[in-house]
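Report on one structure; see the data block that follows.
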Amino acid sequence: MNPFSYARVTTPPAAVAARTQQPGSYFLAGGTNLVDLLKRGVVVPEKLVDITRLPLTAIEATPTGLRIGALAKNSTVADHELVRRQFPLLSQALNAGASAQLRNMATVGGNMLQRTRCAYFYDTSLPCNKRVPVQAGPDKGQPNGPTGCGALGGYNRMHAIFGADAGVAAPKCIAVHPSDMCVALAALEATVVVVGPKGERRIAFRDFHRLPGDNPRQDTTLGADELITAVEVPANELAAHSTYLKVRDRASYAFALVSVAAGLQLEGTTIRQARLAMGGVAHKPWRLFEAEQFLRGKPATLATFQQAATLAMKGAKGYGENDFKLTLAPNSLVEALTLATTPA
Amino acid sequence: MRDESQPLPEPGQPDPSRRAFLKHSSALAALALTPPVALTAIDHSLDERLAAAFEQLPLQVRINGQAQQLSVEPRVTLLDLLREQLGLTGTKKGCDHGQCGACTVHVDGQRVNACLTLALTTEGREVTTIEGLGSEDKLHCMQEAFLRHDGFQCGYCTPGQIMSAVACVREGHADTPEQVREYMSGNICRCGAYANIVAAILDVKASGQKV
């Protein structure tokens, strides 16, 4: 690990100022991903700005829903009474992620900013467009590796089936976003509250993470000098019929092959509203807008769910080892919808 | 390979610990196989001098009930601080990447991976390691349960398993075998003692003992 300096800040403006003054600095919160990246030489900071003492841990009801401080721990949020009652989808998704130890460390803001677990991204001897600027070109003696995408034509069993080729002639990166929590927050239409040198800004969750396009290095639309302070979840009518389904290689403590966050508002057996998002399939939490729209006003039956799943898979593309996701994803969606409509 | 100038331990006196023996014998074996350049570097303690040149920051933290005033380099993890600087080697380094749970300790009562915790972030916190759980005279009830149920084979993951198990019961996540398996999934045991580990945890939970 390269040496870096360390500063502890106690207010959000001080945190933003510290980062603005030294562009090579990084915020350190739970550290569960950043410390790992430091050890592997993927992130080489000049300075770490320890934000763990900022007063951003509150979880509180607001007139429009729930506000969760960016430094609330994943385990605290998952077990919080208001979250369990109003947003069981969020609680389930959080508890499906990582281990009890990591959930005790990881924060809500950090969870949103965690990097992909693509093996090519983590190994600095292998080509990766997410780690190294595409413009750098191959083998130019970059300090942390060559450009290119090792996963294209390589080991890509865990990789994306949606959105990698959006806006580009050929994909530059087929990595997936690893979070479970973010899949639930996408379906719950959360808002991310951030603060920067110019003050506060609010970002709709669907606009927070981005597709790789020409710039796979950039995971989110968060500015380099901005700090996440909270996430707001608007009240909804989905709590009674929501499910987070995570399909993975072992029963616990593994990243998703495919996950589905499904929330339905039912009137009798008719679907009034549907919210659907998938994890493990794209560079960002993958919202299924078309399938949601299709389900509105339809009966909650297996046949309807299957039609929705077919719609959801439009534009999906496999890259070899992950071709199985083209079948697993629609099947998981049907299963999640079935579970969401089954009385507990 | 013992130093002949030192007297043999008297009968009845404790033998040098297995750990001290391993340290000595492996260091000697390593020296015998090390090229001369590296030997010169070791001789002049070059790596220590390099480390000292890096920024050292003060750290006040309570470890196993004892207030510690330390000087720590920013890169040092809680795991390395415990093992290398404080000699608390009960906490194990397995993967060093938060994937195995061998380094599980409690910070302010919460179980965490010490390998992913930078030591400086524990300023003002209370850290409990396996050494602080019970005492040599009186083991913690979870330690006794692991012995009773044979919850280990090689023992390397055991301190982490026990720290995690104590937290699992305290959190209220030890009601059923399924729940214990789910909430202990961050602790990997390559010997495969899982069945006995689950039994030990459920036993402690069922006994109603204070953990």
Test: residue in segment A:7-14 that is touching a Ser or Thr at 6+ places or on another chain (Cβ under 9 Å) and within 9 Å of chain B (Cβ to nearest Cβ): yes
Going through (1) over 24 Å from B:E55 (Cα atoms); (2) crowded, with 22+ Cβ neighbours inside 10 Å; (3) in contact with an Asp or Glu (Cβ under 9 Å, 6 or more places away or on another chain) one by one, A:L71 fails only at (3)
Checking A:G24, A:G30, A:G41, A:G109 in turn, the sole residue that is crowded, with 24+ Cβ neighbours inside 10 Å and more than 10 Å from every other protein chain (Cβ to nearest Cβ) turns out to be A:G109
Of a type in the set (A, V, I, L, M, F, W, C), assigned to a helix (DSSP H, G or I), closer than 23 Å to B:C154 by Cβ and modelled with pLDDT of 95 or more: is that true of B:V204 in this structure?
yes
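Let's see how each residue does on (1) crowded, with 21+ Cβ neighbours inside 10 Å; (2) touching a Gly at 6+ places or on another chain (Cβ under 6 Å); (3) β-branched (V, I, T):
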| residue | (1), (2), (3) |
| --- | --- |
| A:L152 | no, no, no |
| A:H159 | yes, no, no |
| A:D165 | no, no, no |
| A:A170 | no, no, no |
| A:P178 | no, no, no |
| A:V192 | yes, no, yes |
| A:K198 | no, no, no |
| A:R210 | no, no, no |
| A:Q218 | no, no, no |
Among (1) in contact (Cβ under 8 Å) with a residue 12 or more places away in the chain; (2) farther than 28 Å from A:T52 by Cα, A:E189 falls short only on (2)
Return yes or no: is A:P330 surrounded by fewer than 24 Cβ atoms within 10 Å (Cβ to Cβ) and either outside any loop (DSSP other than H, G, I, E, B) or in contact (Cβ under 8 Å) with a residue 24 or more places away in the chain (or both)?
-> yes
If we ask which residues in segment B:112-130 are assigned to a strand (DSSP E or B) and either more than 10 Å from chain A (Cβ to nearest Cβ) or among the hydroxyl-bearing types (S, T, Y) (or both), their number turns out to be 3
Output for Cβ contacts, cut-off 6 Å, separation at least six or different chains, first residue away from chain A (no Cβ under 14 Å) in segment B:180-205, second assigned to a loop (DSSP other than H, G, I, E, B) and crowded, with 18+ Cβ neighbours inside 10 Å, reads B:A193/B:G151; B:A193/B:F152; B:N196/B:G151; B:I197/B:G151; B:A200/B:G151; B:K205/B:A174
Selection from segment A:114-130 of residues touching a Ser or Thr at 6+ places or on another chain (Cβ under 7 Å) and either among the aliphatic types (A, V, I, L, M) or away from chain B (no Cβ under 14 Å) (or both) yields A:P127, A:N129, A:K130
Residue hits (segment A:279-327; more than 22 Å from A:A204 (Cβ to Cβ) and acidic (D, E)) are A:E321, A:D323
Checking A:A100, A:A93, A:A78 in turn, the sole residue that is within 14 Å of chain B (Cβ to nearest Cβ) and buried (at least 24 other Cβ atoms within 10 Å of the Cβ) turns out to be A:A100
Practice item. Assess whether A:R85 counts as being surrounded by fewer than 21 Cβ atoms within 10 Å (Cβ to Cβ), assigned to a strand (DSSP E or B) and more than 14 Å from chain B (Cβ to nearest Cβ). Key: no
In segment A:1-21, residues that are assigned to a helix (DSSP H, G or I) and hydroxyl-bearing (S, T, Y) total 1
_When you scan segment B:89-102, do you find a residue that is farther than 25 Å from B:S185 by Cβ and surrounded by fewer than 17 Cβ atoms within 10 Å (Cβ to Cβ), even just one?_
yes
Flagged in segment B:176-187 as outside any helix (DSSP H, G or I) and surrounded by 13 or more Cβ atoms within 10 Å (Cβ to Cβ), in numbering order, are B:M184, B:S185, B:G186, B:N187
Across segment B:102-111, the tally of residues that are in contact with a strand residue (DSSP E or B) (Cβ under 7 Å, 6 or more places away or on another chain) and more than 7 Å from every other protein chain (Cβ to nearest Cβ) stands at 5
Being of a type in the set (K, R), free of Cβ contacts under 8 Å to residues at least 40 places away in the same chain and under 30 Å from B:V169 (Cβ atoms) narrows A:R103, A:R85 down to just A:R103
Only unsatisfied item for A:Y253, checking (1) within 29 Å of B:G98 (Cα to Cα); (2) buried (at least 24 other Cβ atoms within 10 Å of the Cβ), is (2)
Subset of segment B:72-100, residues out of contact with any Phe, Trp or Tyr (no Cβ under 9 Å at 6 or more places or on another chain) and at the interface with chain A (Cβ under 9 Å from one of its Cβ atoms), comes to B:T77, B:D96, B:H97, B:G98
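The values are calculated or read from the model by the stated rules, or taken from the named source; none is laboratory data. Everything numeric here is computed off the predicted structure, so don't read it as measured data. Glycine also receives a Cβ, built like all others from the backbone with ideal geometry; neighbour counts cover every protein chain displayed.
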